[in-house]
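Enquirer: Handing you a structure now.
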Amino acid sequence: MTDPATTPATRWKVAIAAVAIHLCIGSLYAWSVFIKPLQTAHGWSRPELAAAFSLAFLTGGLFSAFRGAWMECRGPRRCAVMSAICFGAGIAGAGIAAHIGSLWLLYATYGVLGGLGLGTGYVPPINALLKWFPDRRGLAGGMAVAGFGAAALVTGPAATELISVVDVPLTFAILGAAYFVVILLASRVMRFPPPDYRPAGWVPQSETAGGLPEKTHTLREALQSPRFWLLWAVFFLNISAGMSLISFGAPMAQEIIGMTAVQASVMVGFMGVFNAAGRIGWSALSDYIGRPVTFAVMVGIQIVLFALVPSVSSVALFQAAFFVIMTCFGGGFATCPAFVTDLFGSRNTGAIYGVILTAWSAAGVAGPTMAAMLRDLTGSYSGGMYVIAGALAFALVCVAALGASVRGRVAAS
C-alpha cells in the first residue's frame, strides 16, 4: 500500500504551498510603488526609503544565515507559521508607521519584523522542495522561488490601485492581513519527505555505473572551501545588480523614459513576471547544461545590457532590457540552491544555503543604496549602471574560477 505522504501528488502539493508562501513574502519587490506616495506624504528622501527596503532583506538574510540549522530542525511547517505571523504583522505595522509619519517605526515594522517573516519563509520551502525533487534539483529551486519573483506582478498594480482608492496606511493593513492568511493556510501542507524517499523511477547518480558519490559537507567544511566564497561573490554581485533596478524601477522609468506612475507600476509588475520566468527557465536549463555555464551566460548578458541601458531612448528597448535583466536576476536565485547541493551535498543544504543568503542581505543594502546615492550625487541613474556593469565583469571571473574548480573535482574523482 502506498504511503499517502510520499505519493507523486504530495510533492506537487508542497510545491504549490511553497509558491504561495513566496508569492506573499516576494511582495517586498513591489516596494518602489510606495516610494513616491510616501515621499509626497512625509517628505522622506530616496535613501531613507531605500533603507526600509534594504533593512528587510538584511534582516531576512541574517536570520537565514545564523538560524539556518535551527530552521532545518524545526521543519518547514513551523517556520511557515512563524513567517505568517511576522510578515503579516510587519506589513500591517508599516501602515501604522505611514499613518503617524514615523520613519523609525517603518524600519522596525517593514524592515525588521517583515524581514523576520522573509527569513523564516524563504529558505524552508526551498529546502523542502530540493528534498522532494532530488531528480530535478534545478527545477525544484526554480519552482520554490518562482512565486517570489512573480509577486511584484500581483502586488505592484494591486497596491497602486489600493493607494488611489483608500490610502497608503490602509493599503499596508489590507496586504498584511492577506499575507497572514495565505501563508498560514500554505503551512498546513509544508513538510519534508521521509529520509528514504525516492521519486518513482529515479536512481541516484552514486548508484549508476560510473556515477560519482555525493560528497556531504558540514557547514564548517563548506565555509572553509574557496568554492563557497566564489559562489557567495557571484550571488552577491548578481543580486546587487537586480536589486538596484527593483528598488527604483518605477522612478527610473518615470525619469528616464517619461512613463506615468501607473505605466511604471505596470512595468514593475511585468518585471516580476520575467523574474519568475527566469527562475523557472534558467534553473530548468541548468539541469542540462550545468550550473557554472548557466551562471556564466546570465552574468554575461547582464554586463552587456547594463552598459547599454543608459543610452537607450526607446521605451520598448528600455523595458526589454529591464525584463531580460530580471530573468537573469531570478535565474541566479533559482539556480543557486541546486548549485549549493551539487557542491556540498543535500544533507546540510538548508544551513549552508542560509549562510549563502548573507550575500542577499549585503546586496539588499549595497544595490539600492548605491543606486540612490549615485542618483542624488549625479542627478542621473546612468552612472550607477556603468558601475554595475564593471562589478558584473568581476563576477564573470569568479564564475570562471568556480567552473574550473568543479571540473577539477570531477577530473580528480
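Enquirer: Distance in nm between label sites at residue 314 and residue 39, each 7 Å beyond Cα in the beta-carbon direction?
Expert: That separation, rounded to one decimal, is 2.8 nm.
Enquirer: How big is the chain on each of its three principal axes, counting only the C-alpha atoms and giving the largest first in Å?
Expert: 64, 44, 35
Enquirer: Per residue, what volume in Å³ does the Cα convex hull of region 51-110 take up?
Expert: Residue-normalised Cα hull volume stands at 64 Å³.
Enquirer: Another question, if that's okay. Over the alpha carbons of region 1-134, what is the largest minus smallest coordinate on each principal axis, giving the biggest first in Å?
Expert: 64, 26, 21
Enquirer: For the Cα atoms of the chain, what angle does the longest principal axis make with the long axis of helix 168-187, in degrees from 0 to 90, nearest 10?
Expert: 10
Enquirer: Hey, in the GNM for the chain with a 10 angstrom Cα cutoff, which one of 156, 300, 350 fluctuates hardest?
Expert: Among 156, 300, 350, the largest GNM mean-square fluctuation belongs to 300.
Enquirer: Test of understanding: given the chain, find the longest segment containing no trypsin sites (Lys or Arg not before Pro) that are in a DSSP loop and have at most 16 other Cβ atoms within 10 Å.
Expert: 1-187
Read-outs throughout are calculated quantities, based only on the coordinates presented, and are distinct from any laboratory measurement. Here the structure is a predicted model, which is why all the values come from computation and not from measurement. Positions of Cβ are generated from backbone atoms using ideal geometry, with glycine treated the same way; all protein chains shown enter the neighbour counts.
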